[in-house]
Structures are given as structure tokens and as C-alpha cells.
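Here the structure comes first, spelled out in C-alpha cells, and everything after it is commentary.
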Amino acid sequence: MKEGRGALAHSSSDGVPAAAERDPLRSTSMPTEPVVDDVPLSDSPLDSQLLEIFFDRVPMGIAIFDTDLRLHRCNKTWTAFFEHYLGVSADHTTPGRHLNELIPGNEQAIRQMADIALAGQVIRQAAQRITIPGTDTYWDVVFAPLFGDGRVVGMVDIVTDATDRVRSFQRLEARIATFSQVAAGMSVDQPLSATLSLVVNAVHQTTEGLACSIVCWDEDGRGPAIAWADTVLGEGFAGAIEEVWNIRGRRPVGVEEYEGTIRRGFRDAALADPSLAPVHPYLTEATPWGDVALLPLVVSGVVVGEVAVYLAPGQDLDDDDRGYLVALADQAAVAVRNSTLYRAAERNAALEERQRLSRELHDSVSQSLFSMTLRARTAQRYLESTDLPSDHPVAIEIEQLHSLAQGALAEMRALIFELRPRTLEAAGLAVALSKQAAAITAREGLTVNVYAPESRLRLDPAVEEHLYRIALEALHNIVRHAGATRVDVGVECTDAGLVLRVRDDGAGFDPSIKRPGHLGLMTMRERAEVIGATFDSDSGPGRGCEITVAVPFTA
């Protein structure tokens, strides 16, 4: 990293810019390009010349202190370190100042090394931490005694700035740890939210970026966008991003949209864009970032989201940061793909389990119930051929057994249909609901009307099945609890999306009263959230209930 400090303000006579006009290296205060200085002729002894050159020209800070730890002399490099980190002038290192005045707040660490030097020994320490206001710095340090007349008369402090080296190593360790955590998260059943939250936090902690956010969506673009954001962006920022993406319904057409990584002036452009209104409250004069680096999450050539790294106005990313962010975005994309595959595997496993149960119920319990109805009917016919009166206890019991077996068989067939709704897959939502309505009407004597488009709706199979299950759960709740005489099931297509309504004329209920063990509403609400739909229930004592599920269309 290069930072200008104007440490060596010395002009040359051959037109080569002085060091003050070049960016010096922070670790040494040396200029990053060649600088030529005039050197006056000298008649001093060679040793004196070497000492003078060594003291003033070496890329190390050198300071001489007396036994009271007061500065006697220092070179330009030592002074330049103070100018850079403390923002002080060269007068800060005036001879006579105490070492603790020069570097306040570090008395204990410095005193330990000074005491060893003043005791006549040399102490060396790599990456010695020195705390200054707002940050920690790290130094390679040598403290050595100076002798005169056979005793210690002072000490010399020789330092090289190791801050960049230590921070680079720390950042590298943090990046390796981040990749390990992300990789570990993808090798177990870790929720996608945990993995992407880890990535968001890692970007802030392991790069020069001020903050980070991630938004992603399903590969087919049907599901809602979901976002994660760094807390420094403000509470609710992730929700604002989700609102922007879901309202606009826009998806990038391809990776090429992300050519030119950094969007300069993004904050000001966002404030001027009405479609980004949900994020406007988070863009104030106090907002530290102004530019944004955007990186796509790409799965099999399809963009499934983006990583946004928020930067100070004019801030750049070096090659290492760019490479790291690209790799991290690739890891995040893999996490999104794994999450998609995992959910698909769960759905397939659940479907296979339902199909297995439906086969077993059909082949075992259903056949046994059917056999019971036949045997009960055979017993009834036998009794009818005898002189046994119809009100005889045996006749009554057999009649009840026959009725129970028929009812159980009807329930079992309905359960098998629910476990394996072939009609839903073959003919669609409207036809499957109509068949269920007819079965409930025949079985329960409850009038169920279905109002839906005649043509089959073009719905994602997962969305279609969740809507079917929600309607089925609502119908079962009505049969069990409502005491209704009529139910209307409506499926309507609007400009915004698809709306499912289930309305009954039953007893209704008070929504403010919690009913432990009644999970119907919770189950329906959870299913709606899975497909990105809104769920609403409207009811009250004596006025029935209406369930509404609205699924937005996506671009």
C-alpha cells in the first residue's frame, strides 16, 4: 500500500523530483521510485562519512536516547514514522522529549525493552505491537546500549515498520479461516442464511471494504429475492434490498452486466433513482460509502445473485482484494446452488415417502378395510335370511360395523389421494381441488364450490403443490371445526400474481385467542412463506373465516 507523507523534503539539481513529491513506502519512508540527492564534498574521516550516510539514508528509523530516556538525536526516517501515524510535524521529535511523551500509552512495553538496553544488553523483537489512537501498529525493534567511560550512557532504538506485513499475514489467516468455514458450512446441512451471513461479515473484516451485502434468488427467477447485509449499513437494510428486487422484479441478464467492477457515485445515483426508494432512508450525509463494487453469483452461467462491497468515494481495490472477492463470490454461488439442490432433494424425499406410504396404505390397510365391509355385508345378508329381528343387538352391531368400515375406507382413500395427488400432477390445481371438493361433499354433506380458470394454470410444480396443500388444510379445518354448510374455493389470476381464497360460512373464531395444538394456520402460513406468498386469515365469532394466499408473479 502506498501513502504519501512528504517525509523527505529534499530537492535535487538534476530535475528528478524530490522524495517529498513521491509516494514513500510506509514501512520504511523510502520513495517508491528512484530519487537522486546531491551530496556535498566531505573531508571527514571515512568512518564519520559512513556513520553520517548510515544515520541519514538507511530505510530504518534510528533514535538515540540518554539514560533518562530523553531523545538526543533521530534520523529522518524515525521522524517520518511519527508524521505518518500520528499526523504530527517534524517538531514532535525535538531533542529533549521523553520517550513516553513521544509514544504515549505504551509505557509498560517500551520500559521493559529500555531497561534491558540500559542494563547493557541488546534486545530484539519482531512485530512488537505499539498502540496509537485508533489503531495498532507493529514494529521490528532493536534496543542496544551505548557506552562511554566504561558505563552505559544511553541507548539506540532501531525500528522498521512491520505493520503492513503483520496485517497482511493476519488478513491472509482470516481469509483462509473464512474459506474453511464457508467450505465446512457447505459440507453439512447448514442453512444458506448462516453461510451467506458468514460471507458478509468476512468481506467487512478481511478486505478494505467498509461494508457488504448479498442478495440471491432461485435459478429460475421464480422465488423471491433474499438479502443479507452488514450491520454497519443499518438495521433493515437487507429488507430494503429485498423490497427493491422483489418490487422491480428485475434480474440481470448475464454476467456481462458486471463488467467494470466498481460503480462510481453509486450512492448519489441511488438517491436519484425512484425505483430504489426503499434504500433511500439509509443514504444520508453521514453514510461513509459512496461507491460500490458489484460481483455476480454465477451458477452454470446463470446469475443467481450479487455481492455488493461498499467503498469510500474514490476508494479502489487492489488485485489481491479483487481476486479474493471473486473467489468468495464463487463460494457463495456454490452455497446457493447447494441450498437449491438440498431443498430439491428434501422435496423429492418427501414425495417419495408419501408415495411409499400411499402404496403401503393401499396394499394393506385399505384392502383390509374393504375386506371388512364385504364381510360385514355378508353377515347382514345372512341375518336377513334368518328370522332374527332387525333390532336384535347382533344385527345392530353388524350394521354399525358395516357403517364404520365404509367410513374408514372412504377416509383412507381420501388420505391416499392426499399423499399422492396424481390428479394435481396430471390435470393441475383447479381440477385437483374440484375432485377434492366433490369427495368432501359426498362424504361430509358439505357444499364445496370451486371457482377457477378453465384452462390449466402455468405454475411451478412446487408452488402448485403448496397451494393445493394449503387449500386442503383449510378444507379439513372447516370440516373438523367450523360447522359450516357452504365453502367457496376461488383461484384468481391478477396482474400482480395468483390469489387463492377459501371462504366458509361456519362458526368462525377469535384470532386473538391462541389454541395450543391447533397447527393448521401455522402450517398454511409456513407453506405460503416457502413459495414467497403472503398469507392472511380473516375471521371472527359467528362470521366464518376467509383464507387468502397471494403468490406474486416474477419476471
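Below is a table of values for the structure above.
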quantity	calculated
Neighbours by Cβ (under 9 Å, 6+ apart or cross-chain): first from the stretch 381-397, on the phi < 0 side of the Ramachandran plot; second assigned to a loop (DSSP other than H, G, I, E, B) and not aromatic (F, W, Y)	L383/S390; L383/H392; E384/S390; V394/L388; A395/L388; A395/P389; I396/S390
The one condition in (1) in contact (Cβ under 8 Å) with a residue 24 or more places away in the chain; (2) within 16 Å of I440 (Cβ to Cβ) that R543 fails to fulfil	(2)
In the stretch 527-554, the residues that are within 14 Å of V502 (Cβ to Cβ) and of a type in the set (S, T, N, Q)	S537, S539, T548
Criterion: more than 25 Å from P95 (Cβ to Cβ) and not assigned by TED's automatic domain parsing to the domain that holds A327 - qualifying residue of T135, T178	T135
Leading residue by the ranking (nearest to V431 (Cα to Cα)) among those in the stretch 454-471 that are of a type in the set (A, V, I, L, M, F, W, C) and not in a helix (DSSP H, G or I)	L457
Yes/no for T523 being of a type in the set (S, T, N, Q), surrounded by fewer than 19 Cβ atoms within 10 Å (Cβ to Cβ), part of a helix (DSSP H, G or I) and within 33 Å of the chain's Cα centre (by Cα)	yes
Single residue of L357, L361, L383, L351 found to be outside the structural domain of V232 (by TED's automatic domain parsing), touching a His at 6+ places or on another chain (Cβ under 9 Å), modelled with pLDDT under 75 and surrounded by 11 or more Cβ atoms within 10 Å (Cβ to Cβ)	L383
Pairs where the first residue, in the stretch 45-58, is in the same structural domain as V156 (by TED's automatic domain parsing) and under 9 Å from N75 (Cβ atoms) and the second is of a type in the set (A, V, I, L, M, F, W, C) and not in a helix (DSSP H, G or I), C-beta under 8 Å, 6+ apart	F55/I62
The lone exception for T135 - which of (1) out of contact with any helix residue (DSSP H, G or I) (no Cβ under 7 Å at 6 or more places or on another chain); (2) of a type in the set (V, I, T); (3) at pLDDT 85 or above it fails	(3)
Scan of the stretch 29-43 for residues that are over 18 Å from A90 (Cβ atoms) and not charged (D, E, K, R), ordered by number	T32, P34, V35, V36, V39, P40, L41, S42
Verdict on T378 being exposed (fewer than 13 other Cβ atoms within 10 Å of the Cβ), outside the structural domain of H466 (by TED's automatic domain parsing) and either within 24 Å of F179 (Cβ to Cβ) or modelled with pLDDT of 70 or more (or both)	yes
Wholly within the stretch 100-212, helices (runs of 4 or more DSSP H) carrying at least 1 residues that are over 27 Å from G234 (Cα atoms), in contact (Cβ under 8 Å) with a residue 12 or more places away in the chain and within 41 Å of the chain's Cα centre (by Cα)	107-118, 163-187
Checking V489 against (1) farther than 17 Å from Y451 by Cβ; (2) modelled with pLDDT of 90 or more, the condition it does not meet	(1)
Per-region count, the stretch 29-44, residues of a type in the set (A, V, I, L, M) and farther than 21 Å from T160 by Cβ	3
Hits in the stretch 295-316 - residues which are within 15 Å of the chain's Cα centre (by Cα) and hydrophobic (A, V, I, L, M, F, W, C)	L295, L297, V304, V307, A308, V309
Condition check for W289: at pLDDT below 85 and of a type outside the set (D, E)	no
T494, sole failed condition from (1) among the polar types (S, T, N, Q); (2) in contact with a Leu (Cβ under 8 Å, 6 or more places away or on another chain); (3) at pLDDT below 85	(2)
Long-range neighbours under 8 Å by Cβ, at least six apart or interchain, first residue under 16 Å from S180 (Cα atoms) and at pLDDT 80 or above within the stretch 317-332, second of a type in the set (A, V, I, L, M, F, W, C) and in a loop (DSSP other than H, G, I, E, B)	L325/L317
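The values are calculated or read from the model by the stated rules, or taken from the named source; none is laboratory data. In this text the structure is predicted, and so the values were computed from the model without any measurement. For neighbour counting, all protein chains shown are included, and Cβ atoms are generated from backbone atoms with ideal geometry for every residue, glycine included.
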